[in-house]
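Taken together, the values in this text are just the output of simple stated rules run on the coordinates, not laboratory data. Everything numeric in this text was worked out from a predicted model, so none of it was measured. We place every Cβ from the backbone using ideal geometry, glycine too, and count neighbours over all the protein chains shown.
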Amino acid sequence: MSEHNRLFDAADGRALAEAALRSITDSTARARGDDFLRILVRDLARALDVRYVIAGRVIAMEDGEGIRTLAVWGGADYLPNMEYSLRHTPCQDVTEQCMCFHGSGIQADYPQDTLLVDMQAESYIGMPMIDTEGQTLGILSAIDTRPMAEDKRLLALSLLSIFAARGAAELQHQDREQQLEATVQRRTDALLAAQATLVEQEKMVALGTLVAGVAHEVNTPIGVAVTAASTMVSYADDLIRCVGGERVSRSELLATAQRLREGAQLIERNLARAADLIGNFKQLAVDQGSTHVSEVSLREHALSVVSAHGPELRKVGLAVEVDIAPDLRTRLDAGRWSQVLSNLLMNAAKHGYPNGGPGRVTLAARLALDGGARWLLLEFADDGVGLTPEVRERVFEPFFTTKRGQGGSGLGMHIVYTIVHQMGGQVAVAAPAPDSAGCRIKLRLPVRD
């Protein structure tokens, strides 16, 4: 006879129950969640001297309710968790009757429960784990391959009653944590979706500003061309009258032809200027809508972006110096890179010169080796008012702006930060140059072969 059986034969069953209760309470005191249940099933099996102890959660299955085990002790070690239907099982009675006990012959009582056959079960006792609202969350059951005597039933009933309540509290805590996490996740997803919408709106606002500026800029050369064309019509009428008259001098013909030539040249220059503006804008719009990686001449690309933003920059009085070697070419996502440059330029124009220009912006780039990898190092600097320590710390935060209520969304530099990191790079605010109080941004992008 085992030591446990000798204990069960002792007269003082209450002392035995109290000793087992203290032992299990001490071992599970600091455990939470599934860890608590794993320790509990092991120690209950040892205290009750039974082969199996199962802690499981009630779940919905195709044929009704079922159990998903959270911890199973099987004699000498933990067994893998499993799922099984409650139909025709003693566990179903536990969920419906609050307690189920079969001292022997459990397989005969539930002939359709094949799990009992696999376990070679002879006796069973189970208690439901009920939450504070009266809902059955799970079960805690002890199963043995031997009959279960009355004294062991009383001890099992005492221990299972106490620890089923503790197990229910753990399951209820897990449910509340999952509900809280789900709520947080839903709200996080909603905030991210709202942020993405605002980012897209910011891009559209920037594009609208760019379109308005380009339209205004294009109007000037086209207006000059239209005026020149009207004047040329007048010159052509004069020429027709001269030719149709009785007398026409060579000097008059040459003068009229010269005026027509000058008018045509004026039209050509201004239409070329308009075509250049439209071409730069078109390329910028195409680039910003693209995610295609291609080889790019950094200098030409930067100049086209600067040219497209020319109207807005001239309005503030900003001159842009592009300090990039003509032969510097690399593979990158031209669309995203256009967005980065556009946002940096517009940030300088909006925030760097609150009292207006003139001002100077410098964009420099070079290639460098670091850790065996090639990197594109870029520096964007202006000679404006610079950044306060607080702004420097928060400049890349979404929705942070110093122009709140003045049209600032606080997303321009956040978009820069997001795009650069999506491209595998880094961006940071650097200390201004010794002879400048302006803003200096350093970017580092990996070079793709």
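Values as computed for the structure displayed
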{"quantity": "R0 of 22 Å, Cβ-Cβ distance Thr145-Glu83: FRET efficiency to nearest 0.05", "calculated": "0.45"}
{"quantity": "Sites Ala255 and Arg314, calculated FRET efficiency, Cβ-Cβ separation with R0 41 Å, nearest 0.05", "calculated": "0.65"}
{"quantity": "Ile59 versus Asp35: modelled label distance in nm, points set 7 Å from Cα along the beta carbon direction", "calculated": "2.3"}
{"quantity": "Residues of type aspartates and glutamates that Lys442 reaches as a straight line, Cα spacing below 18 Å, ignoring anything fewer than 8 places off in the same chain", "calculated": "Glu321, Asp323, Asp370, Glu379, Asp382, Asp383, Glu393, Glu397"}
{"quantity": "Inter-label distance for Ala76 and Thr132, nm, one decimal - labels placed 7 Å from Cα along Cα-to-Cβ", "calculated": "4.4"}
{"quantity": "Point-to-point label distance, Arg46-Arg331, nm (Cα→Cβ direction, 7 Å offset)", "calculated": "6.1"}
{"quantity": "Table column - 3J(HN,Hα) (Hz), region 28-45, Karplus curve with 6.51, -1.76, 1.60, x for Gly and Pro", "calculated": "9, 4, 9, 8, 9, x, 5, 4, 4, 5, 5, 5, 4, 5, 5, 6, 5, 4"}
{"quantity": "Compactness of region 3-181, expressed as Rg and Dmax over alpha-carbon positions, Å", "calculated": "15.5, 50"}
